[in-house]
Each structure stands twice: as C-alpha cells, then as structure tokens.
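Following: one structure in structure tokens, then a few remarks.
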Ligand code: FCB
C-alpha cells in the first residue's frame, strides 16, 4: 500500500466533484454575489481527538488492545476537557466566530439508558463559553467514537443501533439544543466506503488486517458481536447509519424544530481521467445513497474535503509525480473544495456548510497558502450560485489524529502534550483576517 492509500485507509478524508454544468455560470448570473453577514467562519475539533481520557469509548478500548492499529494512545490528548474556555477564547481572539465540536456519547450515556446529567451540564458549559465569547456552536452529535457498550452490542451493524442513537439524540437535544447554532448528526458516515474502494474493494491484505483487529477486540471485550465503526464491513453498516441519521434528525427536530440539522459527509473530489473512467461508479458507490438521504432529510449538508482522487478505467490513478505534497505525502490540491461544494449542492439542492477542510503540514506557510487557495475556489463556487453557509477549518488544535497518533499537524494552534500550553501559529491569525475581510 502506498502512503496515500495508508492515510486514506486510516482516515478517509474528504471529497467529491463537479459537473458544474447545471449550475448558473458566473456570466449568466451577471454580477458578483453578495456574501451574507451570517456566513460562519470557524474551526473544528472532535471530542475524542482533543478532550483526553475518553475512557468509556470504543476507540479508547481499541487503542489499548493488542494487536492495535493505533500507533499511539490518545491519553490526555490536548486536555481540552478542562481547557475548553481557553480554546474558545483563543479561537475568538483570531477573529473567528464559529466553533464546531462534538459531544461524546460515551460520556453522556456511560451505560445503556443511563444518561449523565453531570456530563450534559458539562457540554452546556462549553456552549455557554461559546456564547460568552460571541462564538456560534456547531455541534456534532457523533464524531466516530461510540460508547464501548454500544460497540460490544455490535455497534452500527445492528438495526437496534438506530433507536439507540435516536434516543441519545433526543436526550442531548433536550438539554443542549437551545444553545446550539447548528447541528450535525454523524461525521463522515460513508468513510468506510471511501476506505473500501481505495483498498481495492476489500483486498486480501486489508481484510486480513481488519480480521485481526476484530478478533482482538472480540477477545478483549468478551463479546463475539463486538464491532466498532472503523472495523465494520461497509455494507453491514450503511443502511443502519442512514436510518440513524434520519431518526436522529427527527429526534432533534422534534425537540428543536428551528435548529438547522444536517450530516457531515466526507466528500472526495473524484476526477475522471480518460475514456471509460470509473468515476461515476465510484461516486455512486461512495456518495450516492448519502446524497439521496441528505436531499431528503437535512436542512443543510456538511462537506468535508481534503483533496481529490484521479479515477481512470481501472480505478485510482496516482497523483502526478511532480505534485506538491503535504506531510502525509498527499497531493496539495485545495481547488477540490470548490469542486465538492458544487457537486453536493447539485446533487442535493441543499445549502452547504464546509464543516471540515484543512491540511496536515509542519510548514505553516503551506497551510496559509492552502487556506487562501481553498477559499478562492469556495468563493468561485459561491459566485456561480452555490449557497454556502460557512467555512469551518480543520482544525483548531494539533491533536490526536486517530490511528496515526499525534504526528500529523492539522492545527492552527500547536499544543505541548506535556504542559498543554497552546501556541497559535501564524495561520490562525491569517484565517481570522480572511474571515474579517470576507463579509
Ligand atoms: C476527517 C475527520 C477528522 C480528522 C480529519 C483530518 O476525516 O473527520 O476527525 O481526522 O479528517
């Protein structure tokens, strides 16, 4: 497996493409679009990646079994569980106005049906800290990690996962929805499809790795049904995840009818190369069912993009050898963002929120260029008529990048993992300046 494949296998990452033909062209529209003052400009995080000691979650468990695919354990992470006020006021100090974060299901419902008022109150304080700083909270109800008990019951492979998720959404919404600006149900639920096609649709090697992990998880948990999101066979989970999104959406809207609720999709900018490219087949395999679900059951669609994939008649084509790369050796291709928001809008006709976009790089100058280039593409798409509600950069803090550990640097702010001192990078102030100049 080359590095690109490895990184995608671990993360998935964003993406999709174009077909701009159905959109009004800039010339057809005849004038530059006015940008709304309501446009959100912010940074994102996810609970398990920054809070630390998320000990009731399945990912914590998977980090600690043998063999494990996790190179490092999350441990204290960025200790944001205790330092959220500092994080939010830092974000504000850059000139950003939106904070996307996730609430951790495993803290809120540590045992089936037992909801912790203390943890719900905790997240209420996070929302209040946003409010105090004039920052708008965009809340993800589930960002990959699930309670360990949920995965021990079979996780998303079981139809009952749908009701369990909807019950959790109902409880969270009752306590917290009134303070939220927007919400998304699930984060990148089609990630497994991206990973499957990249890994050659279940190549023997990827199957064997997965099988070893599952076996280890089943032995260590004592549950023959154990299945976490990242270990699941895609086909076994897709239908349940789609229903979970729909039921979760309904549960939140029943409590908070005016709260905008969506789902955050990983959207790769798939670009067809040559005659007989498999690009449409890949798009349908990865995105098709989700774009249809989003068109039906979403107030907006969250787009998360990290680049493009070139697709020929035989599948993935490597990026040009001369391409600029990031620290994960993936191609530097910020233009993918504009392409993916067009693609998602065209397929769903729903407003789009860029809920993640960013780059792993130890060169902050490259991040600054990336931000400018990605925003230029986004603006062109908006000029063509794509309704974009905001741009939320991944990520506020250098953090726990899942099985890769702490070495990939996606953050606007560096974090000392011993002292937890936060050191903003020039890109943080740059993004803030771009936010102020945008409106
Ligand atoms: C996305 C995930 C996010 C982070 C970034 C780099 O796929 O949603 O948690 O890992 O990639």
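The values are calculated or read from the model by the stated rules, or taken from the named source; none is laboratory data. Bear in mind the structure is a predicted one, so any value in this text is a computation, not a measurement. Here the Cβ positions follow ideal geometry from the backbone for every residue, glycine too, while neighbour counts run over all protein chains shown.
If the condition is being assigned to a helix (DSSP H, G or I) and either without any contact (Cβ under 8 Å) to a residue 60 or more places away in the chain or more than 19 Å from residue 138 (Cβ to Cβ) (or both), then segment 175-198 contributes 175, 179, 191, 192, 193, 194, 195, 196, 197, 198. Test residue 427 against the stated conditions and say whether it is more than 16 Å from residue 43 (Cα to Cα), at pLDDT 95 or above, more than 15 Å from the ligand (Cβ to nearest atom) and in contact with a helix residue (DSSP H, G or I) (Cβ under 6 Å, 6 or more places away or on another chain). No, not satisfied. For segment 399-435, the set of residues classified as without any contact (Cβ under 8 Å) to a residue 24 or more places away in the chain and in contact with a strand residue (DSSP E or B) (Cβ under 9 Å, 6 or more places away or on another chain) consists of 411, 414, 416, 421, 423, listed by residue number. Scanning for something without any contact (Cβ under 8 Å) to a residue 12 or more places away in the chain, closer than 28 Å to residue 355 by Cα and more than 20 Å from the chain's Cα centre (by Cα), does segment 206-228 turn up at least one residue? No, because not a single residue in segment 206-228 is without any contact (Cβ under 8 Å) to a residue 12 or more places away in the chain, closer than 28 Å to residue 355 by Cα and more than 20 Å from the chain's Cα centre (by Cα).
Residues being within 16 Å of the ligand (Cβ to nearest atom) and not in a loop (DSSP other than H, G, I, E, B) are entirely absent from segment 117-136.
Candidates 403, 362: the one that is surrounded by fewer than 24 Cβ atoms within 10 Å (Cβ to Cβ), at pLDDT below 95 and within 16 Å of the ligand (Cβ to nearest atom) is 403. Examine segment 200-210 for a residue that is within 24 Å of residue 56 (Cα to Cα) and surrounded by fewer than 18 Cβ atoms within 10 Å (Cβ to Cβ), and state whether such a residue exists. Scanning segment 200-210, I find no residue that is within 24 Å of residue 56 (Cα to Cα) and surrounded by fewer than 18 Cβ atoms within 10 Å (Cβ to Cβ), so the answer is no.
Output yes when any residue across segment 368-381 is within 20 Å of residue 194 (Cβ to Cβ) and in contact with a strand residue (DSSP E or B) (Cβ under 7 Å, 6 or more places away or on another chain), and no when none is. Checking segment 368-381: at least one residue is within 20 Å of residue 194 (Cβ to Cβ) and in contact with a strand residue (DSSP E or B) (Cβ under 7 Å, 6 or more places away or on another chain).
Of the residues making up segment 178-197, at least one is surrounded by fewer than 24 Cβ atoms within 10 Å (Cβ to Cβ), under 19 Å from residue 240 (Cβ atoms) and more than 15 Å from the chain's Cα centre (by Cα). Summed over segment 258-272, the residues that are touching a helix residue (DSSP H, G or I) at 6+ places or on another chain (Cβ under 9 Å) and free of Cβ contacts under 8 Å to residues at least 24 places away in the same chain give a count of 0. Looking only at residues in segment 257-282 that are more than 15 Å from the ligand (Cβ to nearest atom) and within 20 Å of residue 355 (Cβ to Cβ), which one is surrounded by the most Cβ atoms within 10 Å (Cβ to Cβ)? Among those residues, the one meeting the criterion is 270.
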